[in-house]
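K.L.:
Have a look at this one before I ask anything.
The values are calculated or read from the model by the stated rules, or taken from the named source; none is laboratory data. Since the structure is predicted, the reported quantities are computational estimates derived from the model, not experimental observations. Cβ atoms come from the backbone with ideal geometry, glycine included; neighbour counts cover every protein chain shown. Just the protein is used for accessible areas: all its heavy atoms, side chains included, with ligands, DNA and RNA removed. Shrake-Rupley method; radii C 1.70, N 1.55, O 1.52, S 1.80 Å.
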Amino acid sequence: TVELASLEEDFDVVVIDEIQMLRDEFRGFAWTRALLGVRCKEIHVCGGAEAIDIVKKMSRMCGDDFELHQYERFSDLKVLDYSLAKSQTSRGSYENVQPGDCVVAFSRRDIFAIKREIEKNTSFKCCVIYGTLPPDVRAEQARRFNDPNSEYEILVASDAIGMGLNLSIKRIIFNSMFKHNGDKIVQLDHSSVKQIAGRAGRRNSPYPHGEVTCRDPDDMAHLRKCIGSEIQPLRKAGIIPTPSHIAVFNQHLEENASSDKKIELHETLRKFSEMATLKGDFFLCRKQSMEVVSRWLKHIQMPTAEKFALCMSPINESCIKSRNVLLRYVEKYSCGKVPGLHYSMQPKAAKSFDSLADLCSIHQQLELFLWLQNKLPANAVEVLRAVTLKERATEMINSGLFNADQLSLNHDYISNDVRVKKEWANERKDEE
């Protein structure tokens, strides 16, 4: 991933893809870091046209030459005149899917409920792709869908298809134009709609042009508006403080403090966010997540620089299990003990969609454990064991997806869409 881009090695050419991710509140800093920091003669930047102005400004900041090449789609993308369903609550609309269709939904339960409905009411079989699936599982699902000789002709996926996968999609069908962004319900923005819709009819796919529509006719106006208008240029790129920034800032805080009490890292990060003045077109990324993780670590005895590095771990701060993995590891490491794998990280075969989600969670926990072993090396034997368990979890996830029709599920994606839209409308009223 771009987070792992080396700033110490010399290269002739570096290619940075999906540069519009500069705006991402959680990961944007990684693209900024790579663009400004890689040591090379030439950087090729690929991505949405909305990033042109900000990349041009950043190249001028560095005293670099900027050269622009713009490309048009090789195939047309057409917004269909009709939705799949006659009304928001009409049922059975997915009986009308066709080979090469990709239904886009924004919750795991919606995805599996739609997959089950299609496989029950049609002769088609579905692949699924969503964000918490391990990358190699997503790649395998994409391979099956793309293979013209496989029996999998429909894809049901989240917005995870927007980046990193080459897919032979004829038509995108938005199940809904609303999603939960981790904080609240939001309507998809122009960039997201275009990014997802643009997966249809791509070059080298068997389809000469792409098509896009919605399940719900009430969503069609927003789809047409997004596809028919230009995306607003990016105004700012994400950055984060470096360990040296935090060390110097913490030193000044302690020198000017009214008492000799040590200032904890979470307090330093909070004050840094409050007091930082950003020059140019930048914003601070990961403010909340870094402060949350640093609060977890306040009782741990270890250097501030190591704690700050742990704040950059690939962790979902709302996931208790991942939090436990992190704390178990650093508590033992800081005491000179050998961190080991917890018994709860043993993968078990999926018997329901909830246990399939648990398998994905275990895979993420094992990824976190391996990341921690890389940052704070402790036990080579446990590394090999974690790799083995991760491979086993991957196999079990693939098996669970293959036998998904046998897993228990009680979910209505239509009722969920109605609820989500009502919640969004109520939030809008409260804001007004």
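K.L.:
With both bridge residues required to lie in the chain, what share of the DSSP beta bridges run antiparallel, to the nearest 5%?
P.N.:
Values: 3 of 33 bridges.
Here the antiparallel bridges make up roughly 10 percent for the chain.
K.L.:
With every protein chain kept in place and ligands, DNA and RNA left out, what is the accessible area per residue of the range 239-304? Probe 1.4 Å, answer in Å².
P.N.:
On the way: 4020 Å² over 66 residues.
Each residue of the range 239-304 exposes 61 Å² on average to a 1.4 Å probe.
K.L.:
Using a 1.4 Å probe on the protein chains only, how many percent of the accessible area of the chain belongs to carbon and sulfur?
P.N.:
Working: 11140 of 23080 Å².
Of the solvent-accessible surface of the chain, carbon and sulfur hold 48 percent.
K.L.:
Accessible area per residue for the range 1-136 in Å², computed with a 1.4 Å probe and the full protein assembly in place, what is it? Walk me through the numbers before you get to the answer.
P.N.:
Details: 7700 Å² over 136 residues.
With the other protein chains kept in place, the range 1-136 gives 57 Å² per residue.
K.L.:
For Leu77, what residues show an amide H to amide H distance below 5 Å, using hydrogens built from the backbone and excluding near sequence neighbours?
P.N.:
Gly210
K.L.:
When the C-alpha atoms of the range 264-349 are aligned to their principal axes, what extent does each axis show, in angstrom, from largest down?
P.N.:
Largest first, the range 264-349 extends 49, 33, 16 Å along its Cα principal axes.
K.L.:
Could you state the angle between the C-alpha long axis of helix 265-275 and the longest principal axis of the C-alpha atoms of the chain, as a value from 0 to 90 degrees rounded to the nearest 10?
P.N.:
The helix 265-275 is inclined about 80 degrees to the chain.
K.L.:
Hey, can you grab everything whose amide H is under 5 Å from the amide H of Ile129? Only 5+ residues off in sequence or another chain; H modelled, so Pro and N-termini drop out.
P.N.:
Answer set, sorted by chain and number: Val156, Ala157, Ser158.
K.L.:
Taking Cα atoms, how many degrees apart are the long axis of helix 28-37 and the longest axis of the chain, rounded to 10 and kept between 0 and 90?
P.N.:
Between helix and principal axis, roughly 60 degrees.
K.L.:
Taking amide H positions as placed in the peptide plane 1.01 Å from N, state which residues far from Asp101 in sequence (5 or more) or on other chains have amide H under 5 Å from it.
P.N.:
Distant-sequence amide H within range of Asp101: Leu155, Lys170, Arg171.
K.L.:
Still on this structure, please answer the following. What is the range 326-428 by shape, rounded, prolate or oblate, if you read a ≥ b ≥ c off the alpha carbon gyration tensor as root eigenvalues and call it rounded for a/c under 1.5, prolate for a/b larger than b/c, and oblate otherwise? The partial results should precede the final answer.
P.N.:
Working: a/c = 3.75, a/b = 1.72, b/c = 2.18.
Cα axes put the range 326-428 in the oblate bin.
K.L.:
Still on this structure: Spelling out what I want: for every residue of the range 405-413, take phi, set θ = phi - 60°, compute 6.51 cos²θ - 1.76 cosθ + 1.60 (Karplus), and round to whole Hz; glycine and proline get x.
P.N.:
Going residue by residue, I get 5, 9, 8, 6, 7, 10, 8, 10, 5 Hz, with x marking Gly and Pro.
K.L.:
Please work out the average accessible area per residue across the range 309-424, using the 1.4 Å probe convention, and give it in Å². Walk me through the numbers on the way to the answer.
P.N.:
On the way: 5810 Å² over 116 residues.
I get 50 Å² per residue for the range 309-424.
K.L.:
Report ³J(HN,Hα) in whole Hz for each residue of the range 79-95, in order, from the Karplus equation J = 6.51 cos²θ - 1.76 cosθ + 1.60 where θ = phi - 60°; Gly and Pro get x.
P.N.:
Listing the rounded values in order: 7, 5, 7, 9, 8, 6, 9, 7, 8, 4, 9, 5, 10, x, 5, 6, 5 Hz.
K.L.:
Excluding residues on the same chain fewer than 8 positions from Lys279, give the lysines whose Cα lies under 28 Å from its Cα.
P.N.:
Lys41, Lys56, Lys57, Lys236, Lys271, Lys287, Lys307
K.L.:
Please turn the phi angles of the range 255-263 into ³J(HN,Hα) values with the Karplus equation 6.51 cos²θ - 1.76 cosθ + 1.60 (θ = phi - 60°), one per residue in order, whole Hz, x for glycine and proline.
P.N.:
Each residue of the range 255-263 in turn: 5, 9, 6, 7, 9, 8, 5, 5, 8 Hz.
K.L.:
So, one more: Need one number: nm distance between label points at Leu7 and Cys40, each 7 Å from Cα along Cα→Cβ, rounded to one decimal.
P.N.:
Inter-label distance under the simple model: 1.6 nm.
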